[in-house]
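Here the structure comes first, spelled out in structure tokens, and everything after it is commentary.
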Amino acid sequence: MKLSNTTLFLIPSLIWGSTWYAIKFQIGTTDPLYSVAFRFFLAAFLLILFIKVKGESLRFSWKTHLYFMLQGVCLFGINYWLVYMSEEHLTSGLVAVIFGGLIFLNVFLSALFLKSKIHAPVVIGGVIGTVGIGLIFKDELSVFDFSDMNFVAFLMALGAMTLASCGNILSAHYQRQRIPVMQSNAYGMFYGAVMVTIIALLMGKPLIYDTSISYSVALIYLSVFGSVIAFNTYLSLLGKIGPGKAGYISLSMPVIALLFSTFLEGYQWTAASLLGLVMILAGMYIALQRRHAVKVEANQL
């Protein structure tokens, strides 16, 4: 069943906007590195099982596996670790603002490596939307200072965003080579999980599994919805409309998260946050018009 671009946009936006709540149940007994590893090992297993049931091939050349490995490190491994590390010192709001830069980096790297055209409305809409995110989290931004640890955490968040963008470009490249999204995700998630596991072991992190029901339920939700469903729909969208426009999901996620927080935690909207919401919607409207669709050239990476 083919899904419309709108559906492909809404599914990961809604899911990733809700995963912040599930991640809360992952913090505690189990080290975050292992939680990320558990999440993507389970997601990779489920994807491989689904692909096998469908009778599709899982055989690829060693060169393609190197690309899968690189995508796994960028999109399903080290970037998640860096986000966890940065949020030990930065607020989630500041990290959300930093990830708003995903739009611009996706546009730049897509033009550099995929020879895609840079469309002014995509950039203009990104600027407007990013300012909107800044307005929503202005109170958190106002207390930020470039102390030593904050600056290191800021660089970690930038690194995570950069790696995520590189993973986006790699996925777009795969799809040009007619490599199915599901297969590239399955292997990428597996390699990403292996990488963070190695990092955890090298750092001497104790391998402990939180046996609480809430942890396991959250893990299943993050693996099935937050990884298998969200990443497959997002990267499918990316292949259809280009990395620049697909990057707008990084602006929609914090808004969805705040909507969940409104009902679950009593978040209070202010005039600034409402104006920020309007700016995000305006930026997305400007950038995502059909007449400005990203045309992807046939050049190889």
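The values are calculated or read from the model by the stated rules, or taken from the named source; none is laboratory data. These numbers were taken from a predicted model, which means no experiment stands behind them. FYI the Cβ positions are ideal-geometry reconstructions off the backbone, even for glycines, and counts take in every protein chain you see. With ligands, DNA and RNA removed, areas are computed over all heavy atoms of the protein, side chains included. Shrake-Rupley method; radii C 1.70, N 1.55, O 1.52, S 1.80 Å.
General observations
- The condition (being over 16 Å from residue 179 (Cβ atoms), among the β-branched types (Val, Ile, Thr), open to solvent by 10 Å² or more (accessible area, probe 1.4 Å) and more than 17 Å from the chain's Cα centre (by Cα)) is satisfied by just one residue among 27, 78: 27.
- Flag for residue 47 being assigned to a helix (DSSP H, G or I), open to solvent by less than 20 Å² (accessible area, probe 1.4 Å) and over 30 Å from residue 153 (Cβ atoms): yes
- Failed condition for residue 164, given (1) farther than 23 Å from residue 79 by Cβ; (2) part of a helix (DSSP H, G or I): (1)
- Candidates in the stretch 13-24 are the residues that are aliphatic (A, V, I, L, M) and closer than 19 Å to residue 213 by Cα; of these, the one that is least open to solvent (accessible area, probe 1.4 Å) is 22.
- Those helices (runs of 4 or more DSSP H) lying entirely in the stretch 178-285 with at least 2 residues under 30 Å from residue 59 (Cβ atoms) and either in contact with a helix residue (DSSP H, G or I) (Cβ under 6 Å, 6 or more places away or on another chain) or at pLDDT 95 or above (or both): 181-202, 213-223, 230-241, 243-246
- Any hit, the stretch 82-97, residues being within 23 Å of residue 175 (Cβ to Cβ) and within 18 Å of the chain's Cα centre (by Cα): no
- Flag if residue 135 is open to solvent by 10 Å² or more (accessible area, probe 1.4 Å) and over 18 Å from the mean Cα position of the chain (by Cα): yes
- All conditions in (1) in contact (Cβ under 8 Å) with a residue 24 or more places away in the chain; (2) within 30 Å of residue 152 (Cα to Cα); (3) assigned to a helix (DSSP H, G or I) hold for residue 112, with the sole exception of (1).
- Among the candidates 184, 250, 236, 261, residue that is out of contact with any Phe, Trp or Tyr (no Cβ under 7 Å at 6 or more places or on another chain), open to solvent by less than 40 Å² (accessible area, probe 1.4 Å) and among the small types (Gly, Ala, Ser): 236
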